[in-house]
Amino acid sequence: MALGGDGLTLDNKNNVYITNLENSSIDIFNDSGTLLTQIKIPETPSNVAFGGKDRHTLFITAKTSLYAIKMKTKGQEKSY
C-alpha cells in the first residue's frame, strides 16, 4: 500500500492519524501498523491535529476548508 501523507497526529492509545492524499481521507493505524479505519472528507486533507479544551476534537485542514470532528478518543498529551 503506497501512501502519501502531509500531516499526522497521535491519540492517547498510540494510534496514528495520517492524511491520505490519494483517497481524501484520514487513515488511522494502530501502533502495529494495521489500518483500523478511514475518515473520508470531501477534499484532499493537508494536516490533522487533536485540539479543543479536552483534546477530543480532531481538526483537519484541507485546500479550502477546516473540518472539526468530535472524537471518542483523546489526543495524546504533549511532551517536550
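From ASP31, ASP6, ASP11, which residue is modelled with pLDDT under 95, closer than 14 Å to GLN76 by Cβ and of a type in the set (D, E, K, R)? Even if it seems obvious, please write down each step before you answer.
Numbers: ASP6 fails: closer than 14 Å to GLN76 by Cβ; ASP11 fails: modelled with pLDDT under 95.
None of the others qualify; the one that does is ASP31.
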Legend entry - All positions within the stretch 24-50 that are under 18 Å from ILE69 (Cα atoms) and outside any strand (DSSP E or B): SER24, ILE41, PRO42, GLU43, THR44
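Condition check ((1) touching a residue at least 24 places away in the same chain (Cβ under 8 Å); (2) among the charged types (D, E, K, R); (3) touching an Asp or Glu at 6+ places or on another chain (Cβ under 8 Å)) across all residues:
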| site | (1), (2), (3) |
| --- | --- |
| ASN15 | yes, no, yes |
| ILE26 | yes, no, no |
| GLY33 | no, no, no |
| LYS40 | no, yes, no |
| THR61 | yes, no, no |
| GLY75 | yes, no, yes |
Inset, instruction - Scan the stretch 31-55 for residues that are more than 16 Å from GLY5 (Cβ to Cβ) and either under 12 Å from the mean Cα position of the chain (by Cα) or among the basic types (Lys, Arg) (or both) and report the count. - result: 4
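If I go through the stretch 2-23 residue by residue, how many of them are in contact with a strand residue (DSSP E or B) (Cβ under 8 Å, 6 or more places away or on another chain) and either polar (S, T, N, Q) or not in a strand (DSSP E or B) (or both)?
Taking the stretch 2-23 as the starting set, the residues that turn out to be in contact with a strand residue (DSSP E or B) (Cβ under 8 Å, 6 or more places away or on another chain) are 3-12, 15-21, 23.
Narrowing the set further to residues that are either polar (S, T, N, Q) or not in a strand (DSSP E or B) (or both) leaves 3-7, 9, 12, 15, 19-21, 23.
So the answer is 12.
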Inset, instruction - Could you tell me whether any residue of the stretch 68-75 is assigned to a strand (DSSP E or B), under 16 Å from ASP6 (Cα atoms) and either in contact with a helix residue (DSSP H, G or I) (Cβ under 9 Å, 6 or more places away or on another chain) or open to solvent by 50 Å² or more (accessible area, probe 1.4 Å) (or both)? - result: no
Inset, instruction - Go through (1) surrounded by 14 or more Cβ atoms within 10 Å (Cβ to Cβ); (2) of a type outside the set (Val, Ile, Thr); (3) more than 10 Å from the chain's Cα centre (by Cα) one by one and return the number of the condition GLU22 breaks. - result: (1)
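The values are calculated or read from the model by the stated rules, or taken from the named source; none is laboratory data. Worth saying up front: this structure is predicted, and the values here are computed from it rather than measured. When we count neighbours, we look across all protein chains shown, and the Cβ atoms used for this are built from the backbone with ideal geometry, even at glycine. Areas reflect the complete protein model, heavy atoms only, side chains present, ligands, DNA and RNA absent. Shrake-Rupley method; radii C 1.70, N 1.55, O 1.52, S 1.80 Å.
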